[in-house]
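Written below as structure tokens is the structure these notes are about.
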Amino acid sequence: MILTGFLCLLFLTDGAHSERECSYQEIVNHLNLTQNKELYYMTRPVKNYKRPTVVYLEVLLYAILDMVEKDQKFIPYVWTYVEWNNEYISWDPNEFCGIEAVSLPVEILWKPDLTIEEMIEKDKAPPSPYLTVKHNGEVEVRNDQVLISTCRLHIYNFPFDIQSCNLSFKSVTQSAKDIELRPMDNSTEATAWSLNVMRTQHEWLFIGMDVTSGNSSDNGQPMIIYTITMKRRPILYIVNFLIPVMFFLCLDLASFLISDSGGEKLSFKVTVLLAVTVMQLILNEILPSTSNRTPLIAVYCIGIFALMLMSVLETIVVMHLMAKDSQASKDNEADEGRSSSEADNQRGKAKFQSSHGEVRKWTRCACICDDSNGETPSEHPQPAAKEDDSSTLTDHLALETLSLELREMEKTLSLLQNNGKEEERPGYWTGVAKKVNKYFFIFYVTGVCLFLIMLFFKWIYA
């Protein structure tokens, strides 16, 4: 009977205990958080000031939102987890229905003043308003942040570049004697967790996260540096930039098949050159102006632009030579027309002079025949007239001799002039232009191949 009563009493006691209702407010009242606020948030929660507070930090990369090359900004979305021990907080979970943790507003308890050294803009997203307090005094704060941080980009190998950006967490006011900042995970674990939770990577491929801890070189404050390494996906730039510029170069090579006689070739080359200039302007909007070395993609554009400019200049020279040859042919046709007309005039004069001489001979013969037929002496001309005829004949012979000498001199001068203009004969400058065009095309193709091969190996081994 007594044993049965004892068992019933024990059963009723267990039932009453299991049916007891507990609340988080009981824990707050137990810790006296509402009355002794100064004890929990005014100072660092240690009973001996010489003992530092150990703060554990974990950072996970949730997304790579953007990378602004022009402004050298890195914008990631990260999860942060901070944990430390408050020596003034503790309770027995058995006394509070097994409650081991409670969420409280962040303003109630002391928090380490951690900041990110590379952050250049304040996070616009509001922080978590609550923190978690465990029965053994551990305090946890979880936050997700969109960080706008500065990152020194090395764009020499753009768009086949690999970038490393740092996120340096440190205390603003606490020294290494007050706070020990320790990472929760090593580099391998942080990389694995980040890859597991990663949602978006923009145009980048996340490679890994290195975790290093130490003290700041300025004032010895504790610091943890998370180095995020990522590789750019270059396919977008290859399709939208590198290949179009290469197509423009191929069009410039194909323009050598266009005839040089008209202006279509020159206008086509200038149009292609302007297209490459537009691509350079687009590239200027992407790349930062503070780079210490000229990016290889800029060398690629400048080199192709220089080759195409040389091609335009060569086209101008060839067109000038062909125009010079055309002008020379027109001058030769005019000279031939003048020489033919002069030759016709000379032949007419020669015929006239020969006919005039024959008339004179027939006249003298007729006079001799009249004398032989017995004409009277009175009908013969006087000696004075004979002397006049002989002097006229002598002058005529002298003029003919002078005319012949002048014609010989004219022939000599024309030979000298033709020898001086031998290189201006029709077709000479056209032949020179064809040779220049042929040799330049060989040089152009060779230069393009060597330039692209050298740039390709530099891009690979940079």
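The values are calculated or read from the model by the stated rules, or taken from the named source; none is laboratory data. All values derive from a computational prediction rather than experimental measurement. Don't worry about glycine lacking a Cβ; one is built from the backbone with ideal geometry, like all the others, and counts go over all protein chains shown. When the accessible area is computed, the model is the full protein with side chains, heavy atoms only, and any ligands, DNA or RNA have been set aside. Shrake-Rupley method; radii C 1.70, N 1.55, O 1.52, S 1.80 Å.
Applying the set (1) farther than 20 Å from Thr227 by Cα; (2) loosely packed, with under 15 Cβ neighbours inside 10 Å; (3) without any contact (Cβ under 8 Å) to a residue 60 or more places away in the chain to Asp113 leaves exactly one unmet item: (3). The condition of being under 12 Å from the mean Cα position of the chain (by Cα), aliphatic (A, V, I, L, M), under 23 Å from Tyr156 (Cα atoms) and open to solvent by 60 Å² or more (accessible area, probe 1.4 Å) holds for only one of Val278, Val299, Val245, Val239, that being Val278. Restricting the range 1-56 to residues that are at pLDDT below 85 and small (Gly, Ala, Ser), the residue that is nearest to Glu180 (Cα to Cα) is Ser18.
Residue count for the range 248-258 satisfying the condition of being open to solvent by 70 Å² or more (accessible area, probe 1.4 Å) and in contact with a helix residue (DSSP H, G or I) (Cβ under 8 Å, 6 or more places away or on another chain): 1. Residues in the range 426-447: is at least one open to solvent by 50 Å² or more (accessible area, probe 1.4 Å), out of contact with any Leu (no Cβ under 6 Å at 6 or more places or on another chain), at pLDDT below 85 and not hydroxyl-bearing (Ser, Thr, Tyr)? Yes; the residues of the range 426-447 include at least one that is open to solvent by 50 Å² or more (accessible area, probe 1.4 Å), out of contact with any Leu (no Cβ under 6 Å at 6 or more places or on another chain), at pLDDT below 85 and not hydroxyl-bearing (Ser, Thr, Tyr). Test Ile162 against the stated conditions and say whether it is over 22 Å from Leu57 (Cα atoms), open to solvent by 20 Å² or more (accessible area, probe 1.4 Å), of a type in the set (Val, Ile, Thr) and modelled with pLDDT of 90 or more. Yes; evaluated as a whole, the condition is true for this residue.
Looking only at the range 140-157, which residues are closer than 15 Å to Pro105 by Cα and touching a residue at least 60 places away in the same chain (Cβ under 8 Å)? Selection gives Val141, Arg142, Asn143. Quick check: is even one residue across the range 397-414 loosely packed, with under 12 Cβ neighbours inside 10 Å and either aromatic (Phe, Trp, Tyr) or at pLDDT below 55 (or both)? No, the range 397-414 has no match at all.
A quick yes/no check of all residues on (1) surrounded by 15 or more Cβ atoms within 10 Å (Cβ to Cβ); (2) among the polar types (S, T, N, Q); (3) not in a loop (DSSP other than H, G, I, E, B):
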site	(1), (2), (3)
Tyr49	no, no, no
Val54	no, no, yes
Leu61	yes, no, yes
Val82	yes, no, yes
Glu87	no, no, no
Trp91	yes, no, no
Asn94	no, yes, yes
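In the range 165-188, the qualifying residues are those that are touching a Phe, Trp or Tyr at 6+ places or on another chain (Cβ under 6 Å) and more than 30 Å from Pro234 (Cα to Cα), and the one that is surrounded by the fewest Cβ atoms within 10 Å (Cβ to Cβ) is Arg182.
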